[in-house]
Each structure stands twice: as structure tokens, then as C-alpha cells.
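K.L.:
Below: one structure in C-alpha cells.
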Amino acid sequence: MKRQAIILGIAALAGLLAACGKKEETLSLLVWEGYADPNFVHAFEEGHHCKVVASYMGSSDELVAKLRGGSASNYDVISPSSDVATSIARANLAAPLDLSKLPSYSQLSSKLRESPLVKLNGQTYGVPFMWGPNPLLYDTAVFAQPPDSWRVFWEPKFRSKVSVWDELSTLYMAAQILGYDKPDPGHLYNLSDAELDAVKKKLLELKPNIRKMWATGGELTNLFQNHEVVLAMGWPLMTTQLRKLNFPIGETIPKENTTGWIDHLVITAASARKELAHAFLEYMIEAQTQKLVTDVTHYTPANPAAAQFLTPDEKKGLHLDDPDAYMQRIYFWQDVPRRAKYNEIWNEVKAAQ
């Protein structure tokens, strides 16, 4: 009896040591900040007995540089925006998805799902995740009515009172002022040299009014809080942050409309954990997770079914009451074939005194 107990004890210990020796799988992300928050990632880790580790990118160009620079094998899942998603798929840096492993995919907004951005040769390379516009933000203590045009940025009375995003979206906005989005909004992403020169000239005229070009959401929030600026191009995230601080912030899409982004979740071609990565994508596009992501980021979920977990006010604030109508006002970023030239023009604008 004693001998049997010893044998059972040794067997139990061997099992325990084997379990301890089993290495926990780690899923590595390179995503926008807020997309790996413990509020929603922890449940996935527990359910799949794995660890999710995230690195954050500051721009689309940074993401592409890291993937092309040989770091692709360091990451399993990335979150490219609609301006670089196509080029990443075309460069064979993304893995084609097995949609049979993503049952929630069919719930996603048909407009986003049918976009050609992450489709190539009959394969799908990413799932739409979150989306939003680059709206005009304004101090309601200064403006009794929402400004109706981006042209307000150029008014002399707002000298040193405007902030623009240190990103190509500011270049797109100037192109809209010049009418280069007519009749085809997609032309914003394929401007000629002459058009880019005109955009540069228009932005150089704006420079006296620019207090600062912001790079992070926190920077812009602080600029408004400190009453350094009264106008800016921003994100819905800043609007929400400032309202929580009881700052009189307004948000509008002017008559010219605005650009915006669709962030996708993509599995890298170099990932050695594609099965776990598919499970992560499915978890992240499920309606309940999408609601949790929205709680953290205040971006609009790609899965309209998330609306069932939101209050009427939250639904309205995220434009889930009529997302298709709202999307009509947003020219979502597209692939920019001459991105290097666009960056060159933008850098010249920034460097000009």
C-alpha cells in the first residue's frame, strides 16, 4: 500500500514537472496604442493559456519600416491602417487568412468587409477592426456654431491658435481645400507633382497660424486644455478625453468632408503561431470584445453587433446609429503609390520657417 502511494506520488510529481516545463505560448503584437489593453486582452490570455506581448507603433511608416527591415519574424499580429495595408499584403509580409476560423467575420460591416484594401488574388489578408474620421475639433467657448469649412484654419484672426497633425492627413486636408478630391476622393492619394506643389504652397500659407503640429493624442489634449489652440484636426479619442475633463470641445466634419482610417488586424507571413493568431483575430472582432476595445479607445467598432452592449448615447457618439451615412462623409485612407514623394513634400512644409 505504502509502495503504491510512493509510485502514485512519483507519477503525480512527474506530471507536475512536465506541466511546469511546458512553455507558455507568446503572441507578439505590433499595433497602435490601446489595441492590447489588459481590459480585453487578459481574457484571451486566460482562455488560450498564452501571453500576449505588445509593441506600439507611432505611425504607419514606422510599421512598414520595421517589417521591411527584417523584424517581421518578431511579430505575429499587426494593425496596419488603410493607407499601408495593401502594400503590406502586396509585399508578401502578411499571411492569407483562413476565414473558416473567423466565424465573426460575417458580422463585420459589409462596407468595411468588402473593401479591396486587404484583398489580393482572391485571398483576404486582414480583418477590419476599428475605424474613425479625422474631424475638425474646436473650442465651443470661441465658436458658438461649428466651423463649416477647413478654410477656417487659414483665417488671420487664428494666428498661432491652430494645431495640425504631424502626418500626411494634413496634406490630404489641404488637397481637399484645393478641390483635388473632385470628382474622385481617391485622387487625394495619387496627386501629381504639380498638385503636390500647390498643396505645399497652401500649407506654407497656413504656417503662421500653426501653434504646434501634434504627434500624440495627449499633446493635442494638452494644447486645448492650456488654451494654446482653439482649432485642430484631431481624433474622436481627443474629443472624448476632453469632454471627460469638462473642456468645452466640439467635433464636426466640415462641408469638404474629411479623411479617416480603417485599422485592420493582420497575421504576419513570418508568424510561427498562425493558429493562435487566428484565434486572437476572432476574439478581437467578436461583438463583446469590440465593445471593450471601444471603451478604451473610443473608436468605432467594425462589428455593428457591438451596439447591443452600448447605451443609446454611446451608440450615437460612435455613429453606430447610422454608420453607413457617417461613412459617406469620410474618405478612408487608401494606398499611396508615391508615399515617399508625399513624405518629402510634408517634410519640406515642416522644415520651412
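The values are calculated or read from the model by the stated rules, or taken from the named source; none is laboratory data. In this text, all values refer to a predicted model and were calculated from it rather than measured experimentally. Cβ placement follows ideal geometry from the backbone for every residue including glycine, while neighbour counts extend to all protein chains displayed. What goes into the accessible areas is simple: the full protein's heavy atoms, side chains included, and nothing from ligands, DNA or RNA. Shrake-Rupley method; radii C 1.70, N 1.55, O 1.52, S 1.80 Å.
K.L.:
State which residue pairs qualify: first residue under 11 Å from Thr239 (Cβ atoms) and inside the stretch 133-145, second residue crowded, with 23+ Cβ neighbours inside 10 Å and polar (S, T, N, Q) in any location, beta carbons under 8 Å apart, and separation of 6 or more residues or different chains.
P.N.:
Pro133/Thr259
K.L.:
Go through the residues of the stretch 326-345 one by one and say whether even a single one is at pLDDT 90 or above, over 20 Å from His187 (Cα atoms) and open to solvent by less than 40 Å² (accessible area, probe 1.4 Å).
P.N.:
Residues of the stretch 326-345 that are at pLDDT 90 or above, as a first pass: 329-333, 336-345.
This time we only want the ones that are over 20 Å from His187 (Cα atoms), so: none.
No, because not a single residue in the stretch 326-345 is at pLDDT 90 or above, over 20 Å from His187 (Cα atoms) and open to solvent by less than 40 Å² (accessible area, probe 1.4 Å).
K.L.:
Pro128 fails exactly one of the following numbered conditions: (1) part of a loop (DSSP other than H, G, I, E, B); (2) surrounded by 18 or more Cβ atoms within 10 Å (Cβ to Cβ). What is the number of that condition?
P.N.:
Evaluating Pro128 over (1) part of a loop (DSSP other than H, G, I, E, B); (2) surrounded by 18 or more Cβ atoms within 10 Å (Cβ to Cβ) leaves (1) as the failure.
K.L.:
Let me ask another. If I ask for residues that are open to solvent by 20 Å² or more (accessible area, probe 1.4 Å), assigned to a helix (DSSP H, G or I) and closer than 16 Å to Val142 by Cβ, which ones from the stretch 202-261 would you list?
P.N.:
The answer is Gln225, and nothing else.
K.L.:
May I pose another question? Just to be sure, is Lys315 of a type outside the set (Ser, Thr, Tyr), open to solvent by 10 Å² or more (accessible area, probe 1.4 Å) and touching a helix residue (DSSP H, G or I) at 6+ places or on another chain (Cβ under 8 Å)?
P.N.:
Numbers: of a type outside the set (Ser, Thr, Tyr): yes; open to solvent by 10 Å² or more (accessible area, probe 1.4 Å): yes; touching a helix residue (DSSP H, G or I) at 6+ places or on another chain (Cβ under 8 Å): yes.
When the stated conditions are applied, Lys315 passes them.
K.L.:
Determine whether Gly186 is among the small types (Gly, Ala, Ser), more than 22 Å from the chain's Cα centre (by Cα) and open to solvent by 10 Å² or more (accessible area, probe 1.4 Å). Let's see the steps before the verdict.
P.N.:
Details: among the small types (Gly, Ala, Ser): yes; more than 22 Å from the chain's Cα centre (by Cα): no; open to solvent by 10 Å² or more (accessible area, probe 1.4 Å): yes.
In short, no.
K.L.:
Can you pull out every residue in the stretch 319-343 that is without any contact (Cβ under 8 Å) to a residue 60 or more places away in the chain and either closer than 22 Å to Pro80 by Cβ or among the β-branched types (Val, Ile, Thr) (or both)?
P.N.:
Ala340, the sole residue that qualifies.
K.L.:
Of a type outside the set (Ser, Thr, Tyr), at pLDDT 95 or above, assigned to a helix (DSSP H, G or I) and open to solvent by 40 Å² or more (accessible area, probe 1.4 Å) - does that describe any residue in the stretch 276-286? Before the answer, list the steps.
P.N.:
The first filter runs over the stretch 276-286 and keeps only residues of a type outside the set (Ser, Thr, Tyr), leaving 276-282, 284-286.
Retained after the next criterion (residues that are at pLDDT 95 or above): 276-282, 284-286.
Restricting the remaining residues to those that are assigned to a helix (DSSP H, G or I) gives 276-282, 284-285.
Cutting the leftovers down to open to solvent by 40 Å² or more (accessible area, probe 1.4 Å) gives us none.
No; the residues of the stretch 276-286 include none that is of a type outside the set (Ser, Thr, Tyr), at pLDDT 95 or above, assigned to a helix (DSSP H, G or I) and open to solvent by 40 Å² or more (accessible area, probe 1.4 Å).
K.L.:
Pairs under 8 Å by beta carbon, first residue of a type outside the set (Phe, Trp, Tyr) in the stretch 111-126, partner part of a strand (DSSP E or B) and exposed (fewer than 13 other Cβ atoms within 10 Å of the Cβ), six or more apart or different chains?
P.N.:
Sorted first by the residue in the stretch 111-126, then by its partner, the list stays empty.
K.L.:
Considering only residues that are without any contact (Cβ under 8 Å) to a residue 60 or more places away in the chain and of a type in the set (D, E, K, R), which ones fall in the stretch 276-308?
P.N.:
Lys291
K.L.:
Same structure, new question: Quick one: in the stretch 67-88, which of the residues that are in a helix (DSSP H, G or I) and among the hydroxyl-bearing types (Ser, Thr, Tyr) is most open to solvent (accessible area, probe 1.4 Å)?
P.N.:
Initial filter on the stretch 67-88 (in a helix (DSSP H, G or I)): 67-74, 85-88.
Next, from what is left, pick out any that are among the hydroxyl-bearing types (Ser, Thr, Tyr): 71, 73, 86-87.
Values: Ser71: 32, Ser73: 76, Thr86: 21, Ser87: 25 Å².
Among them, the one singled out is Ser73.
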